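Down below is the structure, laid out as structure tokens.
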Amino acid sequence: MTTPARIPGVFSPVLTPFDERYRPALGRYVKHCRWLREQSVGLAIFGTNSEANSLSLSEKHTLLDALLEAGVEPSALMPGTGACALPDAIALTQHAVRSGSMGVLVLPPFYYKGVSDEGLFRYFAELIEGVGDDKLRLYLYHIPPVSQVPLSLDLIDRLLTRYPGIVAGVKDSGGDWANTAAMIERFTPRGFQVYAGSEAFLLQTLRAGGVGCITATGNVNPGPIVALQQRWQEADADERQAGLNATRNVFQQFPMIPAMKAAIAWKSGDAAWATVRPPLVELNAAQTDALKTALQANGFDMPGADSLSDA
């Protein structure tokens, strides 16, 4: 009998590198994902910090297939497959399920605001029915600061009741600890897995009974985040949490995606890593210098980052 693969406790919404013509840079992408896997980080490709909503369906298919062809294990993959257009979400999710991915992370349809729980339930139900595969493991993506479409506790309860096992968990990026705690208390007894949307809530989440975190700065600070997730019951856990917070606070002083890409460009020696796809813009020289200074003062490092260069 095959032992089920262990689900990672830390996922990173993997940054998508681009070339000078804003095309996905497959070589850098595969190297970055391999580097993250070496540190036991799961790959939440096509997340917010992946610039996922700036990628086409065909680009997402190509990127996922490139990882599989490079030998990245599908049990570590949680592709983001949410889309405003339901047929796009179904197509992306079907591709991810066929690939063997351990799950998918699904945004609500975010263009229309003020939609009802009934409308959201129908969206997720049609997605699940449209995929039509019992192997589907769907993780809800609650990020109202960006989507402006929250996922209520009652909606989650209804989906979990209708699709037990398939509706597997949530990434809570709402920034409201009380909501995360309520999800853990109400749903984890039913096998529902709760991930914090930032390592700033990692220790609280683990102590309350959650699984871990799916966090942007997992792209640049993976080792210390995984160390806390794996050693959160040890005496120095609060100290480790404070260290994670300090590093994240530096990145949050700048636009997060360009800042993380600037850090990789710096530490890898590959300037092309700083490229973002419009409408985003890279950090300017003054911002980049300020980021480096603040990170150096914080003792920041990215061991092995030279392997990320495709120069």
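So how tilted is helix 26-38 from the main axis of the chain? Cα-based, degrees 0 to 90, rounded to 10.
80 degrees
Could you give each residue of the range 193-204 its phi-based ³J(HN,Hα) in whole Hz, using Karplus coefficients 6.51, -1.76, 1.60 with θ = phi - 60°, and x for Gly or Pro?
For the range 193-204, the Karplus curve yields 9, 10, 10, 5, x, 7, 5, 4, 9, 4, 5, 4 Hz.
Near the amide H of Gly100, under 5 Å away, which other amide H atoms are found, from residues 5 or more places off or on another chain, if H is placed in the peptide plane?
Those lying under 5 Å, H to H, from Gly100: there are none.
Take the alpha carbon atoms of the range 187-256, find their center, do the same for the range 78-127, and report the distance between the two centers in whole angstrom.
25 Å
Using θ = phi - 60° and the Karplus curve 6.51 cos²θ - 1.76 cosθ + 1.60, what whole-Hz ³J(HN,Hα) does each residue of the range 227-234 get, with Gly and Pro shown as x?
Using θ = phi - 60°, the values come out as 4, 5, 4, 7, 10, 5, 8, 7 Hz.
So what are the ³J(HN,Hα) numbers for the range 99-105, from phi and the Karplus equation (6.51, -1.76, 1.60; θ = phi - 60°), rounded to whole Hz, Gly and Pro as x?
Rounded to whole hertz, the list is 6, x, 4, 5, x, 10, 10.
Straight distance only, please: which lysines reach the Cα of Lys60 with their own Cα at less than 27 Å, same-chain residues fewer than 8 apart left out?
Lys31, Lys113, Lys135, Lys171, Lys261, Lys267
Which value, in nm² and rounded to one decimal, describes the direction-averaged projected area of the C-alpha convex hull of the chain?
On the way: hull surface 62.9 nm².
Over all viewing directions, the chain projects a mean Cα-hull area of 15.7 nm².
Report, to the nearest whole %, how much of the accessible area of the chain belongs to carbon and sulfur atoms, 1.4 Å probe, protein only. Can you show the working numbers first?
On the way: 6670 of 13090 Å².
C and S atoms contribute 51 percent here.
Quickly estimate the mean residue ellipticity at 222 nm for the chain, helices only: each DSSP H run with n ≥ 4 gives -39500 (n - 2.57), and the total goes over all residues, rounded to 500. Don't skip to the end; give the middle numbers.
Details: 12 runs with 137 residues, N = 311.
Taking each H run of at least 4 residues, the total per residue is -13500 deg cm²/dmol.
Considering every Cα-Cα pair within the range 147-190, what fraction, in whole percent, is farther apart than 12 Å? Please report the intermediate quantities before stating the final value.
On the way: 587 of 946 pairs.
That tail contains 62 percent of the Cα-Cα pairs.
Quick check on the range 10-232: of the DSSP beta bridges with both residues there, what percent are antiparallel, nearest 5%?
Details: 1 of 22 bridges.
About 5 percent, rounded to the nearest 5.
Mind checking the angle between helix 285-297 and the chain's longest principal axis? C-alpha axes, 0 to 90 degrees, to the nearest 10.
With rounding to tens, the tilt is 90 degrees.
May I ask for the angle, rounded to the nearest 10°, between helix 153-162 and the longest principal axis of the chain, with both axes built from Cα atoms and the value confined to 0 to 90°?
Result, in degrees: 60.
Averaged per residue, what accessible area in Å² does the chain show with a 1.4 Å probe, protein chains only? Present the calculation step by step, with values, prior to reporting the outcome.
Details: 13090 Å² over 311 residues.
Counting only protein heavy atoms, the per-residue value for the chain is 42 Å².
Please report the relative contact order for the chain, taking Cα pairs under 8 Å with a sequence separation of at least 6, and give it as a percent rounded to a whole number. Please report the intermediate quantities before stating the final value.
On the way: 522 pairs, mean separation 55.4, N = 311.
Reported as a whole number, the value is 18 percent.
The values are calculated or read from the model by the stated rules, or taken from the named source; none is laboratory data. All figures in this text were calculated on a predicted structure; none of them were measured in a lab. Remember, those area values only see protein heavy atoms, side chains included, never the ligands or the DNA or RNA. Shrake-Rupley method; radii C 1.70, N 1.55, O 1.52, S 1.80 Å.
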